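Data block below; observations after.
The values are calculated or read from the model by the stated rules, or taken from the named source; none is laboratory data. In this text the structure is predicted, and so the values were computed from the model without any measurement. Cβ sites come from the backbone with ideal geometry, for glycine too, and all protein chains shown count toward neighbours. Side chains are part of the model used for accessible areas, which takes the heavy atoms of the whole protein and leaves out ligands, DNA and RNA. Shrake-Rupley method; radii C 1.70, N 1.55, O 1.52, S 1.80 Å.
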2 protein chains.
Amino acid sequence: MIKTIRYPEESEWTKLAERPAVNQKDLFDIAENVFKDIQKDGDKAVSKYSEKFDGIHYNFSPLGLNVIEDAKKEVSATLQESIKQAFRNILKFHASQAEFVNKIETTPGVTCWRESRPIEKVGIYIPGGSAPLFSTVLMLGIPAIIAGCKEVVLCTPPDKSGQINPIILYAASLVRITKVYAVGGIQAIAAMSLGTESIPKVDKIFGPGNQYVTAAKQIAQLYGTAIDMPAGPSEVLVIADDTCDAEFVAADLLSQAEHGPDSQVLLLSPKSAVIDEVNKELTKQLEELPRKEITKKALQNSKAILFNSLDDCINFSNRYAPEHLILAIRNAEDMIGKIESAGSVFLGNYSCESLGDYASGTNHTLPTNGFARSYSGVSVDSFVKKITFQSVTAKGLLNIGPAVEVMAEAEQLMAHKNAVTVRLNKLNKQ
Amino acid sequence: MIKTIRYPEESEWTKLAERPAVNQKDLFDIAENVFKDIQKDGDKAVSKYSEKFDGIHYNFSPLGLNVIEDAKKEVSATLQESIKQAFRNILKFHASQAEFVNKIETTPGVTCWRESRPIEKVGIYIPGGSAPLFSTVLMLGIPAIIAGCKEVVLCTPPDKSGQINPIILYAASLVRITKVYAVGGIQAIAAMSLGTESIPKVDKIFGPGNQYVTAAKQIAQLYGTAIDMPAGPSEVLVIADDTCDAEFVAADLLSQAEHGPDSQVLLLSPKSAVIDEVNKELTKQLEELPRKEITKKALQNSKAILFNSLDDCINFSNRYAPEHLILAIRNAEDMIGKIESAGSVFLGNYSCESLGDYASGTNHTLPTNGFARSYSGVSVDSFVKKITFQSVTAKGLLNIGPAVEVMAEAEQLMAHKNAVTVRLNKLNKQ
């Protein structure tokens with residue numbers, strides 16, 4: 001079912017860990033033109049591109065608050081209860097990320113510390129399409145609440161009739177978002193980055209999207225707007241040994257593959273039989289899936305790799321730096337110390353990715369495309385900045401001032417030196 | 001001396017808080033061409049641009065370790081001692097930023113936590129020019145040590161004779177950097193982003209630079225390399241009341257202004273007399289400075305603003321989001337809660353910016369150009385990524401599995417649901 005590679009030489013690993021390249025140049029050009037137009041014409045340009053790209057009418061204003069509140073009526077009680085359960089877990093885990101002030105006296109009289117402050121205005125993008133990704137509203141809205149962001153703006157494309165899925169609106173109301181705009185794609189990102197008559201300019205933009213949205217977020221950075229992270233197609237890498245349950249592993253691989261034909265799915269094992277059994281299960285389970293065609297395409301680009309040892313599996317995974325890493329192995333917790341790069345890690349047979357996607361408490365906005373080498377997933381940190389403070393007494397100045405004078409002079413910055421000298425002189429006169 | 005604006009209306013604040021716009025488009029085009037050439041021709045192109053832009057010869061290899069070690073001999077004992085004192089304070093403060101593992105049971109049987117892992121390969125850029133900015137080597141090298149980065153690469157342009165300032169090399173040896181390349185500008189950033197025969201590809205690039213380097217770092221992001229933050233000219237905003245020492249305040253403003261003609265210097269006060277006195281001191285102290293001409297130009301673009309109240313000063317500062325904020329006011333610590341956006345804050349008359357630039361312990365790589373609204377300064381966080389982990393027991397799965405099934409179905413992701421269902425079925429059979 002998925003292509004199996006047996007015992008690759010280490011020299012082949014880098015090649016095997018590569019993702020398909022996307023030609024971004026054309027996308028950047030398209031996105032840049034939209035930014036320029038929206039910078040010039042504001043909402044008029046947002047409206048133009050909504051018609052052109054999505055065939056929908058932008059009505060120059062946010063949704064009414066009553067529309068957001070009324071959405072609840074269209075969400076079943078069971079779904080509301082499930083969403084609230086997820087909300088509580090996500091809140092509990094993210095609340096633990098808030099940082100406490102820790103004052104450090106680096107030298108007697110010199111005290112330094114950091115304090116977190118919310119990013120005042122943030123924008124959340126939720127893609128449209130067939131599935132209403134309300135879970136992402138929770139994943140981005142909850143840390144924004146904990147951080148204390150003052151203004152949270154949500155943009156999401158409506159369906160052809162101009163409606164936004166009520167579950168998205170229900171989730172928005174749970175995370176207290178009051179500004180929802182029925183606009184999507186590049187024009188939504190550009191509008192939040194630049195500001196228009198109806199859509200506020202934000203300091204940072206969060207959220208997933210297709211390659212156009214991703215390109216637009218990268219252009220937004222050039223216009224001075226921060227973004228959560230660059231994004232690519234979703235990925236899972238499963239490491240399984242003979243203690244895994246092949247049925248579970250296959251289900252996990254399929255749950256990633258159904259995202260889209262470009263999803264990346266990898267199975268690593270030191271046991272040939274595990275790969276064979278998972279392959280059998282894949283064939284069986286695939287038949288039952290409504291998104292069978294999409295899923296099949298993703299599996300065609302996927303790989304199972306047989307390695308000599310579990311350590312080799314882990315080493316390859318570190319090289320690949322997967323968004324999601326599932327360790328379906330004996331004593332998975334013992335391997336944690338060896339994990340160097342991954343977005344989120346799921347330990348053991350019961351920790352399936354779906355749990356983290358929705359309700360365990362961890363965030364599902366994670367670095368893809370190898371960015372787990374340098375980026376963290378979204379957390380409360382993503383919604384704050386940490387300001388350093390320092391308080392230096394006269395004694396502190398006497399302690400470190402002379403060293404600063406020497407260093408500033410060596411950097412040929414005499415005014416830097418002088419700022420210390422005038423103070424030391426005055427102290428020495430006293 | 002500096003232009004004074006008296007009691008501006010709040011409607012004028014946004015305009016007053018604007019930085020001069022830089023036309024980046026041409027810079028991006030230049031940088032992009034260098035990236036393309038280096039991607040194609042590697043070191044050969046690095047060498048070509050080193051000749052072209054800087055008139056120096058790139059010799060296709062890092063400096064010998066002996067060159068780095070021997071540099072110490074050319075650094076005076078006093079300077080070595082001062083640098084070591086700074087090293088200890090920076091180490092002590094940054095060591096306090098390392099995060100501890102905090103396991104959270106969000107629901108019985110569902111445990112989530114984060115662990116930090118170093119970014120494996122990082123690149124540090126140190127600008128050339130008249131002043132050897134060895135202090136930045138400490139500010140970037142020390143958090144890299146604490147984070148545990150495996151490979152730290154340093155690029156810096158040599159002087160016309162091909163030499164790198166020995167103090168930079170001494171600082172590099174203190175922070176255990178062994179790979180130093182005598183190359184600067186766009187070509188250095190592109191080489192670290194893409195990798196060449198001699199220069200390793202890194203995951204993240206840090207460090208200041210002129211507008212070409214800044215543009216190159218932004219292009220590097222489009223090529224998949226993370227960067228510390230976008231950078232602009234350095235800035236200080238001083239808020240001073242009648243308890244300030246005008247001589248100190250003037251010295252602080254000048255220490256910022258001497259960085260370059262594009263440096264941003266702002267003085268805010270609720271007291272007209274304070275502005276007058278500081279202006280007098282500026283005129284007096286300016287005469288003594290070796291970098292008088294640069295400093296004078298920066299002051300011409302600078303402003304003193306008289307406000308009705310201290311609160312207005314703080315509110316304006318939050319709008320401006322300065323890189324450095326000095327509070328030369330009565331009971332400065334009482335104002336901390338009101339500070340919303342700033343890179344680093346200096347409290348009281350003895351906490352001058354120079355101390356933080358070199359030796360108090362805080363980092364001096366800070367967000368400029370209003371980016372303090374959304375970015376933090378460099379810290380240990382900048383050199384790690386935080387991986388989330390989750391461990392779910394059978395009981396945990398029974399607790400949250402059903403909610404995940406409901407949510408996955410509502411998002412029309414049936415394979416996500418199925419990954420839970422196959423597990424619940426097996427548990428229920430037991």
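Remarks
- Taking segment A:182-300 as the region of interest, the helices (runs of 4 or more DSSP H) fully inside it that hold 1 or more residues being small (Gly, Ala, Ser), within 30 Å of A:GLU32 (Cβ to Cβ) and in contact (Cβ under 8 Å) with a residue 12 or more places away in the chain are A:185-194, A:211-222.
- Scanning segment A:369-383 for residues that are open to solvent by less than 10 Å² (accessible area, probe 1.4 Å) and of a type in the set (Phe, Trp, Tyr) yields a count of 1.
- Checked against the criterion of being open to solvent by less than 10 Å² (accessible area, probe 1.4 Å) and within 7 Å of another protein chain (Cβ to nearest Cβ), the candidates B:ALA419, B:ALA410 yield just one match: B:ALA419.
- Identity of the residue in segment A:326-345, crowded, with 24+ Cβ neighbours inside 10 Å and within 11 Å of chain B (Cβ to nearest Cβ), that ends up farthest from B:GLN390 (Cα to Cα): A:SER341
- Flag for A:LEU194 being surrounded by fewer than 24 Cβ atoms within 10 Å (Cβ to Cβ) and not basic (Lys, Arg): yes
- Of all the criteria given as (1) part of a helix (DSSP H, G or I); (2) modelled with pLDDT of 95 or more, the one not satisfied by B:GLU51 is (2).
- Residues of segment B:49-66 that turn out to be farther than 18 Å from B:LYS179 by Cα and without any contact (Cβ under 8 Å) to a residue 60 or more places away in the chain, as a count: 2
- Residues of segment B:81-115 that turn out to be hydroxyl-bearing (Ser, Thr, Tyr) and within 20 Å of the chain's Cα centre (by Cα), as a count: 1
- Segment A:130-175 - residue that is among the small types (Gly, Ala, Ser) and touching a Gly at 6+ places or on another chain (Cβ under 9 Å) and, of those, farthest from A:ILE199 (Cα to Cα): A:ALA171
- Tabulated pairs, segment B:155-173, first within 9 Å of B:ILE56 (Cβ to Cβ), second of a type outside the set (Gly, Ala, Ser) and in a helix (DSSP H, G or I), C-beta under 7 angstrom, 6+ apart or interchain: B:PRO157/B:ASP54
- Selection over segment B:227-245 of residues that are touching a Pro at 6+ places or on another chain (Cβ under 7 Å) and at pLDDT 90 or above gives a count of 5.
- Residue that is farthest from A:SER135 (Cα to Cα) [pool: residues in segment B:389-407 that are within 7 Å of chain A (Cβ to nearest Cβ), of a type outside the set (Val, Ile, Thr) and free of Cβ contacts under 8 Å to residues at least 24 places away in the same chain]: B:ALA403
- Some residue of segment A:136-143 being more than 19 Å from the chain's Cα centre (by Cα) and of a type outside the set (S, T, N, Q): no
- When residues of segment A:61-72 are limited to those that are part of a loop (DSSP other than H, G, I, E, B) and buried (at least 16 other Cβ atoms within 10 Å of the Cβ), the one farthest from the other protein chains (Cβ to nearest Cβ): A:PRO62
- Failed item, numbered, when B:LYS386 is tested on (1) touching a strand residue (DSSP E or B) at 6+ places or on another chain (Cβ under 8 Å); (2) more than 7 Å from chain A (Cβ to nearest Cβ): (2)
- Selection status of B:ALA220, open to solvent by less than 10 Å² (accessible area, probe 1.4 Å) and within 13 Å of another protein chain (Cβ to nearest Cβ): yes
- Filter pass, B:LYS429 being surrounded by fewer than 22 Cβ atoms within 10 Å (Cβ to Cβ), more than 7 Å from chain A (Cβ to nearest Cβ) and of a type in the set (D, E, K, R): yes
- Against the criterion of being open to solvent by less than 10 Å² (accessible area, probe 1.4 Å), within 19 Å of the chain's Cα centre (by Cα) and under 28 Å from A:THR368 (Cα atoms), B:ALA172 does not qualify.
- Across segment A:301-314, the qualifying residues are those that are assigned to a helix (DSSP H, G or I) and out of contact with any Asp or Glu (no Cβ under 7 Å at 6 or more places or on another chain), and the one among them that is surrounded by the fewest Cβ atoms within 10 Å (Cβ to Cβ) is A:ASP311.
- Extreme residue, farthest from B:ARG114 (Cα to Cα), among residues of segment A:304-346 that are acidic (Asp, Glu) and touching a residue at least 12 places away in the same chain (Cβ under 8 Å): A:ASP312
Condition check ((1) in contact with a helix residue (DSSP H, G or I) (Cβ under 9 Å, 6 or more places away or on another chain); (2) modelled with pLDDT of 95 or more) across all residues:
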{"site": "A:LEU286", "(1), (2)": "yes, no"}
{"site": "A:GLU293", "(1), (2)": "no, no"}
{"site": "A:LEU299", "(1), (2)": "yes, no"}
{"site": "A:SER302", "(1), (2)": "yes, no"}
{"site": "A:LEU306", "(1), (2)": "yes, yes"}
{"site": "A:ILE314", "(1), (2)": "yes, yes"}
{"site": "A:ARG319", "(1), (2)": "yes, yes"}
{"site": "A:HIS324", "(1), (2)": "yes, yes"}
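- In segment B:384-395, the condition of being open to solvent by less than 10 Å² (accessible area, probe 1.4 Å), touching a Ser or Thr at 6+ places or on another chain (Cβ under 9 Å) and over 30 Å from A:ALA246 (Cα atoms) is met by at least one residue.
For every residue, the table says whether it meets (1) within 24 Å of A:LYS386 (Cβ to Cβ); (2) of a type in the set (A, V, I, L, M, F, W, C); (3) more than 7 Å from chain A (Cβ to nearest Cβ).
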| position | (1), (2), (3) |
| --- | --- |
| B:ALA273 | no, yes, yes |
| B:GLU277 | no, no, yes |
| B:GLU281 | no, no, yes |
| B:GLY348 | yes, no, no |
| B:LEU366 | yes, yes, yes |
| B:ASN369 | yes, no, yes |
| B:GLY377 | yes, no, no |
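- Flag if A:GLU323 is of a type in the set (Asp, Glu), over 14 Å from A:ALA240 (Cβ atoms), open to solvent by less than 40 Å² (accessible area, probe 1.4 Å) and within 12 Å of chain B (Cβ to nearest Cβ): yes
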